[in-house]
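Okay, so here's the structure we're looking at.
Quick note: the coordinates plus some simple rules give every number you see, no bench work behind them. This is a predicted model, so every value here is computed, not measured. Cβ placement follows ideal geometry from the backbone for every residue including glycine, while neighbour counts extend to all protein chains displayed.
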Amino acid sequence: MPTYSQPADHRGWYHTRKLPHFDALGALQLITFRLADSLPAVKLRQIENDLCNTPASGQEAERRKQIEYWLDRGIGCCALANSEVAAVFRDGLLLHDRQRYHLLAWCIMPNHVHILIECQYSLSRIVQSWKAFSGRWAVAHNERLALGLPAGQLWMKGYWDRFIRDEDHLHAAVYYIHHNPVKAGLCDAPESWQWSSASTGVV
C-alpha cells in the first residue's frame, strides 16, 4: 500500500460519529453523503436490528449495502432531482477541481451523491465546502422550488469515505459511481444520466 504524506491540514486516520476516515495528501477517496431526510430514523433502526444476526466482522459491509439499497429507492424530498439544485451542486464540485482536489468521477442521485477525488486539501473541509455551497442555495430557494426540505436543512451530517487501495479498486469505484443510476432504475446506460461524469465523456 502506498505511503501518503500528512501535512498539517491532513489528519491521517481518524473517526467521527463512529465512522473511520482517512485524510492524506494525494489519497484517492470515494465519498458518499446524503440528504437530511433520505433515510428515516425508523428505517435506520430497522437496519441496525437486522444486523444483530450478522457476524461483527461483516456488519459494516452489510450496513453499507442496506443503506445503499434504501437510498436507491428514492426516499425523502429528493431535492437533487430538481435540475436547478443538481446544477448548483455540480458547479460547486467543479469550482475547486484541480486546486483543492482532482475530480475523477461523480454522480448526483436524487437523494445522495457519490464523488471520487484525489485529495490535495483537507478532506473534511472539501466536503464541508460542497455541502455549504449547495445547502445555502437550496435553503434560500426552498419555497420557490417547493423542495420540501426538512427543517430548512439540505444535507445529513457527516459523510462516508472509502480509501482507494489499488488500480483494480479504482476501476471498481468508477464503475460503481457511474452505474448507480442504472442500478436504481433511473436510466438504461450510465452516459445517459445527465448528472454524472459518465455523461461528459471525460472520465
What is the count of Lys pairs in the chain whose alpha carbons sit under 14 Å apart, if the two are 8 or more places apart or on different chains?
-> 4
Output ³J(HN,Hα) for region 136-153: one whole-Hz value per residue in order, computed from phi by the Karplus curve 6.51 cos²θ - 1.76 cosθ + 1.60 with θ = phi - 60°, and x for Gly and Pro.
-> 4, 5, 5, 5, 5, 10, 4, 5, 4, 8, 6, 6, x, 5, x, 6, x, 10
Descending semi-axes in Å of the chain, equivalent ellipsoid built from Cα gyration tensor = 24, 22, 18
Might you report the magnitude of the Cβ-based charge dipole of the chain about its Cα centre, with Lys and Arg at +1 and Asp and Glu at -1, to the nearest 20 debye?
-> 580 debye
At what distance in nm do the modelled label points of residue 200 and residue 81 sit from each other, each positioned 7 Å from its Cα along Cα→Cβ?
-> 2.6 nm
Residue 59 to residue 188: FRET efficiency via 1/(1 + (r/R0)^6), r the Cβ-Cβ distance, R0 30 Å, to the nearest 0.05?
-> 0.30
Step through the residues of region 48-59 one at a time and calculate ³J(HN,Hα) from phi using the Karplus curve (6.51 cos²θ - 1.76 cosθ + 1.60, θ = phi - 60°), rounding each to whole Hz and writing x for Gly and Pro.
-> 5, 5, 5, 6, 4, 8, 9, x, 3, 5, x, 5
Gained length - residue 166 relative to residue 91, 0.36 nm times residue gap less alpha-carbon distance | 24.1 nm
Protection proxy (average C-beta count within 10 Å per residue), highest first, orders 189-195, 22-28, 95-101, 166-172 as 22-28, 189-195, 95-101, 166-172
Given charges of +1 on the Cβ of Lys and Arg and -1 on the Cβ of Asp and Glu, with all other atoms neutral, how large is the dipole of region 83-203 about its Cα centre, in debye to the nearest 20?
-> 480 debye
For residue 155, distant residues with modelled amide H under 5 Å away = 36
Spelling it out for residue 120: with amide H atoms placed in the peptide plane at 1.01 Å from N, the residues 5 or more places away or on another chain with amide H under 5 Å from its amide H are 26, 101, 102
